Each structure stands twice: as C-alpha cells, then as structure tokens.
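Each remark here refers to the structure printed beneath this line.
Only the coordinates and a few stated rules stand behind these numbers; no lab work does. The model shown is predicted, which means the values in this text are computed figures rather than measured ones. A quick note on method: Cβ atoms are made from the backbone with ideal geometry, for glycine too, and the neighbour counts reach across all protein chains shown.
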C-alpha cells in the first residue's frame with residue numbers, strides 16, 4: 001500500500017491510453033456479468049429440482065397432452081408417493097408483451113408436491129378452493145402488475161372457451177411466496193376443473209405429471225415402470241427426473257453454458273492481449289526510471305510487485321465498473337423477461353467469478369512486463385533512452 005500513490009501516478013501518465021484500456025475492460029465485464037447471469041438463470045431450475053420428483057410428459061413432445069386417467073394409474077404405481085399435474089394456459093395480460101406463466105392445477109396436490117418451494121397462507125388457500133374462477137399468484141408477478149388479493153384479472157389465451165371467447169377471467173385469492181433462489185414466483189395458478197370444463201377442445205387431458213417417489217434411490221426404476229405401463233398406448237410417456245427434465249427443456253434453447261463459456265473465453269483472451277499490450281508499453285517507456293529506482297535501493301521484488309499491482313489496479317477499475325453496469329442493466333431488464341426467466345438477476349456467484357477473473361487478468365497481463373522489470377540490469381537500462 002505504501003507504493004499506491006506511485007502506482008496511481010504511473011497509470012495517469014498516458015491518460016488516453018489508460019482510459020481506452022479501461023473502457024475495453026468495462027465492455028468485457030459487462031458481457032461477463034450479463035452472460036454469466038443469463039447462464040445462471042437458465043440453469044437455476046435444474047439446481048433447485050427435487051431429487052425425489054419425476055416429470056412425465058408425452059413421449060412425442062411436451063405440447064402433446066396426456067389422458068387424465070393417467071393420474072390415478074400413476075398414483076397406484078409401486079414406488080410412487082404422490083402425484084399432481086398441470087396444464088399450460090399460454091396467455092397474456094392486456095398486451096401480448098405482458099406474457100407470464102399460467103398453469104391449471106389441482107390445489108391441494110400441487111402445493112403438497114412443492115411444499116419445499118411454495119408457501120401460501122392457509123386462509124388464502126381455503127378462499128381459493130371456494131372460488132371456481134379463483135387464482136393465486138407469485139409475489140414477483142403481483143409486484144410486476146401491482147395486483148392484490150381481490151383483483152379481477154383477464155388473461156387472453158390460445159385456448160378458446162366453449163363460447164369461442166379466448167379471454168379467461170380470474171379473481172386473485174392469494175399470493176404465494178417462493179422459497180429459495182430460482183423458485184418461480186412469477187406464475188399464476190388456477191383450478192384445473194374450471195379450465196377443463198370451460199375449454200372448447202382437448203377436454204379430459206393434462207399437460208404433464210409431477211411425481212414424488214418414496215425413495216429417490218429408486219427414481220430410475222419408478223420412471224421405467226411408469227413408461228412401461230403406457231407403452232404401445234395412443235399416448236406413450238417419457239418420464240425423467242425433474243433435474244433431467246429441466247436441463248433437457250433448457251437445451252431446447254441451445255447449450256447456453258457452452259455458448260456463454262466460449263464467448264467469455266474469447267472476450268477474456270482479447271482483453272488479456274489489450275491489457276498486456278498496455279502494460280508492456282508502459283513498462284518499456286519507464287525502463288530508465290526503474291533503473292534509477294533500483295539504484296536508489298528498490299529491490300527486484302519491489303519492482304515486480306509494483307508492476308503487477310499496476311496491472312491489477314487497471315483491471316480492477318475497469319472490471320468493477322463493468323460488473324456494476326451489468327448489475328444495473330440486469331436489474332432494469334429483469335421485469336421485462338420475468339415471464340421467460342423467473343428470478344433473473346445477477347447472483348453472487350457471478351460477482352465472485354468476476355472478481356477472480358479481474359485478479360487473473362491483472363496478474364497475467366502484468367506478468368511478463370513485471371518479470372522483465374525485475375530482471376532489468378541497471379547499467380544497460382541507464383544506457384537506454
């Protein structure tokens with residue numbers, strides 16, 4: 001720390017070069033923060049998936065429905081502790097831009113299945129059960145549209161009612177909270193009975209089943225047992241663990257982890273070259289001065305540390321500004337993508353990885369100039385101009 005003023009003044013010698021390098025690092029770490037947060041948002045569903053839960057969908061595609069009769073048949077399957085189900089409504093509020101998740105569910109079994117993730121006050125649960133068109137919403141959805149208990153919410157859906165009307169009306173009877181990072185608090189849940197009775201087509205079907213197994217160690221066997229039960233039927237099934245299902249679903253958008261990793265690697269390598277070039281030029285211009293420092297008693301180690309500290313400080317300034325701007329941008333965009341990426345935010349993991357990347361960038365970019373400065377011969381250096 002006693003050399004901080006000296007290091008700071010060195011950075012200010014070529015202000016234009018320094019700030020151009022800083023701005024390049026800022027852009028790099030904006031990308032680092034944004035892509036890292038995007039990857040975290042895409043993988044958080046798999047991270048919170050229960051080890052004891054399975055998902056059963058139609059073997060052809062998730063958009064293909066299953067007969068309602070499958071629910072009770074799966075409930076009676078060996079190794080199954082509980083079953084619930086859901087249907088996707090696929091609607092929006094007032095404007096097509098205002099999309100969010102709406103699911104037709106069975107109230108009791110759904111909240112029992114996800115008791116570790118979702119919490120709804122008992123009085124609100126009872127009020128919801130008594131209202132045929134009642135619905136409960138997540139806390140983030142309530143904040144997004146400023147909805148409160150008692151509000152009447154129209155949702156325009158791809159599913160028409162029997163009278164041809166595509167607008168489904170719901171009364172908000174409760175607001176549930178999502179426990180833990182990544183749990184979905186941006187959805188609306190309503191009664192399956194209301195949905196199935198009122199829809200124009202595909203009655204008597206469910207979208208997918210969520211299954212809790214008695215022993216997570218036997219989850220694979222239970223999945224095979226369920227699929228074998230419906231083999232060669234008009235609606236064959238595909239059952240997998242909740243985590244495997246989430247990962248498979250996200251990969252429909254592409255392998256986000258690999259894509260973001262490759263982009264960040266390219267960005268980091270480019271920034272390493274830019275920062276290393278800046279440090280190399282800065283040290284080359286100060287060779288006679290470093291020789292004088294050594295003549296005055298500065299050790300080789302002191303010169304090494306000062307150059308490395310200068311490189312780390314340069315990376316730190318640009319990196320922290322970049323991460324801060326990424327955090328602000330993600331916070332501003334979170335409400336706009338809530339329907340597709342619930343809980344989209346910049347997690348602590350991205351900050352930690354960013355700080356590690358800053359230090360690594362500083363050390364690598366300053367390593368060669370620092371070693372050259374440490375090995376500098378006083379007589380030879382003083383002869384250079």
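Return, for the Cα atoms of region 60-235, the radius of gyration and Dmax in Å, separated by a comma.
Expressed in Å, the Cα Rg and Dmax of region 60-235 come to 16.8, 48.
In which sequence would 81, 122 go, from the one with the fewest C-beta neighbours within 10 Å to the one with the most?
On the way: 81 14, 122 8.
Least crowded to most crowded, the residues run 122, 81.
Of the peptides 312-320, 272-280, how do they stack up when ordered by the mean number of other Cβ atoms within 10 Å, highest first? Walk me through the intermediate numbers first.
Values: 312-320: 21.8, 272-280: 18.2.
Put in order of decreasing packing, that is 312-320, 272-280.
At a 10 Å Cβ-Cβ cut-off, how would you order 271, 290, fewest neighbours first?
Fewest-to-most ranking of 271, 290: 290, 271.
Under 8 Å for C-alpha pairs, at least 6 residues apart: give me the relative contact order for region 60-235, rounded to a whole percent.
Reported relative contact order: 33 percent.
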